[in-house]
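Any read-out appearing in this document is the output of simple, stated calculations on the displayed coordinates, not a laboratory observation. Fair warning: this is a prediction, and the values are worked out from it, not measured in the lab. A quick note on method: Cβ atoms are made from the backbone with ideal geometry, for glycine too, and the neighbour counts reach across all protein chains shown.
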Amino acid sequence: MRHIALAFLLAFPGAAIAQEQASYSLTIRGISAGSLRFAGQEENGRYSVNGVMESGGLVGILRRIRYDAAAQGRVSQDRFTPSSYSERADNNGRKRDAVMEYRAGVPQVKQYDPPRRADEDDVNPTTQGGTVDPLTALYATLRDVPAGEECGHSLKIFDGRRATELALSRPQRRGDTVTCNGEYRRIAGFSASDMAEKTRFPFTITYAPAPNGQMRVTEVSTDTIYGRARLTRR
């Protein structure tokens, strides 16, 4: 990505390019459980992002989990419109590849390998116009933002099978930091037992000033059935 950006700058000196790389550590009850990394680039109204999430620490010893994903599309201020999304997952040896493309903002599942049996709970992709993929949602939530824009967005998400929603609100300022209340919601595509178990998952997200003059996510915190989980920027 750095080589591509350099070539673009040499060819078009006036182009506006923003790049961001971030790495987070995941802990559960203070015990190392994994990591999250992403690298994003925005230029001329387009964005592209790559991300990796994998287990580590004690969880990594017990269960090997890794997700590699990539997405790209258009961006205008804080509105993202993906054009493609790909995912490669390895869940303790069970591997999966998936690809979605978008036409006029409507997702289309182009590949799912190995093939899966259709489920009556699955959401029809044609009903999901205006949604974003999981990686775009993650990037839109964790990227640096101008001061004053920390807590004001919500996203509807479709992963090829399930529909969810993420919303941030109620900024609380303490000194230089800002904390938002967030909620992740299951909307459709989940089994009846999953929906009966829980549909709303509250969390908090904390921003602090970054060297580039913007506000940066330093921590995401939520309660899980395993205890308090924290995603902390390295």
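Only the Cβ atoms of Lys and Arg (+1) and of Asp and Glu (-1) were treated as charged; on that basis the dipole of region 17-233 about its Cα centre amounts to roughly 400 debye. Residues whose amide H falls under 5 Å from that of GLY189, counting only those 5 or more places apart or on a different chain, are ALA163, with hydrogens built in the peptide plane.
Per DSSP H run of at least 4 residues, take -39500 (n - 2.57); add these up for the chain, divide by its residues and hand me the 222 nm value, nearest 500 deg cm²/dmol.
Details: 4 runs with 31 residues, N = 234.
After summing the helix terms and dividing by the residues of the chain, the value is -3500 deg cm²/dmol.
Test of understanding: what is the full-extension gain from ARG63 to THR224, defined as 0.36 nm times their sequence separation minus their Cα-Cα distance?
On the way: separation 161, 0.36 × 161 = 57.96 nm, distance 1.78 nm.
Full extension of this stretch gives 56.2 nm more.
Simple spin-label estimate for ASP144 and SER32 gives 2.7 nm between the two label positions (7 Å along the Cα-to-Cβ direction from each Cα). Put simply, when 163-172, 149-158 are sorted by average Cβ atoms within 10 angstrom per residue, most first, you get 149-158, 163-172.
Model label sites at ARG117 and ALA89, defined 7 Å from Cα along the beta-carbon direction, differ in position by 1.7 nm. Under Stokes-Einstein, with the Kirkwood radius over Cα pairs as Rh, the value for the chain at 4 °C and 1.567 mPa s is 68 µm²/s.
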